[in-house]
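Below is one structure, written out as structure tokens, with a few remarks after it.
The values are calculated or read from the model by the stated rules, or taken from the named source; none is laboratory data. Keep in mind that this is a model prediction, so the values were computed, not measured. Cβ placement follows ideal geometry from the backbone for every residue including glycine, while neighbour counts extend to all protein chains displayed. Ligands, DNA and RNA are excluded from the accessible area calculation, which covers all protein heavy atoms including side chains. Shrake-Rupley method; radii C 1.70, N 1.55, O 1.52, S 1.80 Å.
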Amino acid sequence: MILNKRNQHKLPTTSVKGDFPVTYHYTAGIAGEKFFLALKDKKLLANTCDSCKFSYLPPKMFCEDCFDELDDGTYKEVDGTAELFSYSEVFYDHRGDKLEKPLLLGLFKLNGSSTIFMHNLLVSEPKIGMKVKVVWSEHRVGSIFDLKGFE
Amino acid sequence: MEKVAIIGVGVEGFRSAIRELSYKEMVYQAAVKAYDDAQINPREEVDTFISCEEDFNMGTSITDEYAPDQLGAAQRTVHTITGDGIQGMAAAYMQIKTGMFDVAVVEAQSRVSDILTHNQITNFAFDPLYNRQFDAVYHSTAALEKRAYLEYSGTSEEAIAEVAAKNYNNALKNPIAAYGVRAKASDIMNTDMIASPLRDGEISKPVDGAVVIVMASEKVVKEKNGNPIYINGISYATNSPNFDTRDWQYAKYAKLTADRVYKMAGINDPKEEIDVFEIDDTYAFKELQHLESLGVYDKGEAGKAMLNGDLGSKGSTPVNVSGGVLGVGNAHDVNGLQRIAELVDQLRGHAGRRQISDANTGMAFSWRGVPTTAGALAILSKE
């Protein structure tokens, strides 16, 4: 029996450093592909479940609630107008380091959808419930940043 | 139906960094205490072992392979759950209820101080196509939710700052708590804004530590004649992993879980029937949002109860007398078992200066943190 051995630890803690490259490519899928390709043409797509009438933006291949498949006929373009549901002025980046310029994120309820959508908020005085509209990036490649945000 | 009891608890930690022990040695320390408390020999008397941990947080792939030996479970029946410790307890509960197992051991551990890139690992939990590409600290998701909750419930910032101050002060009386401090609500309000409206003082800070729980069937409880605390109800639920379909204003996962657990435990009015509350406060506003979503208070009432003193250790609904996740420290998937360890102390009458008088029934609720909408709830009692 060795009593309190750990309290007698007089040496610096021994440890080794290890890291591991973690790289993926993430497939957008049937519904995601439609959504991202439409962004290139300045179009926002939603789709609606025939059974429960819930509208998804971004669109989904199946309804979370009914588990029904949502086929091509369920898609429609929405006009990009939205209501501000929540927002945050973010002062730290994803590493936890201070951002040079704070980032303003918003949660939006887009007209024609039943869901919440997160993106950049491009207004100086945000207020919950305010009406906003999508702003498009000039250079569009089929990614989430084809939208600049909402103002 | 046969009851299931907790017959042993062992805690190692909690500290911001447990530098002198390897993670295996840290779990071993907690396990030895739990087996001594339960008066059992793990090499002979335990039928099933469950560990709760995640690869990315442990720094190895297939981390479950490394779980057995420090629990006394080498070459025995072991499985790992990548979830909170209360989810592990629910699995153990079901195994005992089958009648095939009499004694189950549940372990959860946190070695967050070993992770040099913890922010990035948490960020990696976000949806890669729609959410992860925004260069924002993961707390920003909690900030968006806090603002939505404030708007929905009418809760004041002052009430939330009071929650944080209460829990830091409560932790001063808890020897396992890492972050006890004499704090006032104004101190919390003066801390840095991390992502508005979320301040640094409202955000729990990481800790290392491990908890091991021994659970047993009534047959073993009678043989051992120890100090059992019974599990009257236990379950878990997830709302939605997706930002687009989750509820941002209230914690639907808490409501879904509570509906099941109250039915199981025969609870009609949790506020009146439960004596001690250990409720997730990973972010200070979460304590109030969870209390309302669990049906302990109506919408918008938990903040008022905080300002009235009802949530204090001498109040009618004492919440987080342990110090909560804010005061004890954020041990991630151990947070549920932190809550359970406190309830067992309280219901046994072993809580020292934190002891709530006439504590017969308690509830423990855990949340897996950003970006999850996963919660787990257990109701414990002396009988």
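General observations
- Only the Cβ atoms of Lys and Arg (+1) and of Asp and Glu (-1) were treated as charged; on that basis the dipole of region A:27-150 about its Cα centre amounts to roughly 460 debye.
- Percentage relative contact order, chain B, counting C-alpha pairs under 8 Å, at least six apart: 25
- Surface share of carbon and sulfur [accessible, 1.4 angstrom probe, percent] for the protein assembly as shown: 49
- The ratio of the alpha-carbon radius of gyration of region A:27-150 to the globular-protein estimate 2.2 N^0.38 Å is 1.12.
- Solvent-accessible area lost in complex, 40 Å² minimum, residues of region B:191-219 relative to chain alone, 1.4 Å: B:Ile194, B:Ser196
- Enclosed volume per residue, in Å³, of the convex hull spanned by Cα atoms of the protein assembly as shown: 167
- When the residues B:Arg354, B:Arg368 are ordered by accessible surface, computed with a 1.4 Å probe over the protein chains alone, the sequence from largest down reads B:Arg368, B:Arg354.
- Cα Rg, Dmax, chain B, angstrom units: 19.3, 57
- Delta accessible area of at least 20 Å² on complex formation, residues of region B:225-261, 1.4 Å probe, chain isolated as reference: B:Asn242, B:Phe243, B:Asp244, B:Thr245, B:Trp248, B:Gln249
- Residues considered: B:Thr191, B:Thr361, B:Thr155. Largest GNM mean-square fluctuation over chain B, using C-alpha springs under 10 Å, is found at B:Thr191.
- Mean residue ellipticity (222 nm) of the protein assembly as shown, computed from DSSP H runs ≥ 4 via -39,500 (n - 2.57), nearest 500: -8000 deg cm²/dmol
- Among residues other than B:Asn330 with Cβ under 14 Å from its Cβ, the summed charge is -2 (Lys and Arg +1, Asp and Glu -1).
- Within a Gaussian network of chain B (alpha carbon springs, distance under 10 Å), most fluctuating of B:Met363, B:Met58, B:Met100: B:Met100
- For region B:85-173: relative contact order, % (alpha-carbon pairs under 8 angstrom, 6 or more apart): 14
- For the pair B and A, total buried accessible area rounded to nearest 100 Å², probe 1.4 Å: 3700
- Gained length - B:Thr238 relative to B:Asn268, 0.36 nm times residue gap less alpha-carbon distance: 8.5 nm
- Spin-label model, B:Lys97 to B:Ser113: label points 7 Å out along the Cα-to-beta-carbon direction sit 3.9 nm apart.
- DSSP beta bridges in region A:27-150 [antiparallel fraction, %, rounded to 5]: 95
- For region A:46-114, taking the reciprocal of the average inverse distance between every pair of different Cα atoms yields a Kirkwood hydrodynamic radius of 14.1 Å.
- Calculated log₁₀ intensity ratio I(q)/I(0) where the Debye formula runs over C-alpha points of region B:130-183, q = 0.13, 0.23 Å⁻¹: -0.52, -0.88
- By DSSP, the beta bridges lying fully in chain B are antiparallel in about 70 percent of cases.
- For the protein assembly as shown, the solvent-accessible area with a 1.4 angstrom probe is 44 square angstrom per residue.
- Region B:62-109: C-alpha gyration tensor shape, a/c 1.5 cut-off, then a/b vs b/c: oblate
- Histogram of C-alpha separations across region B:1-145, 5 Å bin width, %: 2, 9, 16, 19, 18, 12, 9, 8, 5, 2, 0
- Viscosity 0.890 mPa s, 25 °C: Kirkwood-radius Stokes-Einstein D of region B:207-266 over Cα pairs, µm²/s: 166
- Residues in region B:130-178 that, when all protein chains are in place, have 50 Å² or more less accessible area than the chain alone would give (probe 1.4 Å): B:Tyr130, B:Gln133, B:Phe134, B:Asp135, B:Val137, B:Leu144, B:Arg147
- Helix B:85-97 axis, angle to chain B major axis (alpha carbon atoms, nearest 10°): 40
- Among B:Asp247, A:Asp79, the order of accessible area from largest down is A:Asp79, B:Asp247, computed with a 1.4 Å probe on protein heavy atoms.
- A:Thr13, B:Thr245, ranked by accessible area, largest first (probe 1.4 Å): A:Thr13, B:Thr245
- In the frame of its principal axes, region B:317-383 has Cα extents of 37, 24, 19 Å, reported largest first.
- Region B:6-82: C-alpha gyration tensor shape, a/c 1.5 cut-off, then a/b vs b/c: oblate
- Debye intensity ratio in log₁₀ form over the Cα atoms of region B:141-247, taken at each q of 0.11, 0.19, 0.20 Å⁻¹: -0.60, -1.08, -1.11
- Residue-level accessible surface for B:Lys33, protein heavy atoms, 1.4 Å, Å²: 90
- As a calculated quantity, the FRET efficiency between A:Leu99 and A:Asp72 at R0 = 56 Å, using C-beta atoms, amounts to about 0.85.
- Among the lysines of region A:27-150, pairs that are 8 or more positions apart or on different chains and have alpha carbons within less than 15 Å of each other number 17.
- Relative contact order for chain A, counting Cα pairs under 8 Å that sit 6 or more residues apart, in percent: 19
- Scattering curve values for region B:269-376, log₁₀ I(q)/I(0), Debye with Cα scatterers, q = 0.11, 0.17 Å⁻¹: -0.29, -0.73
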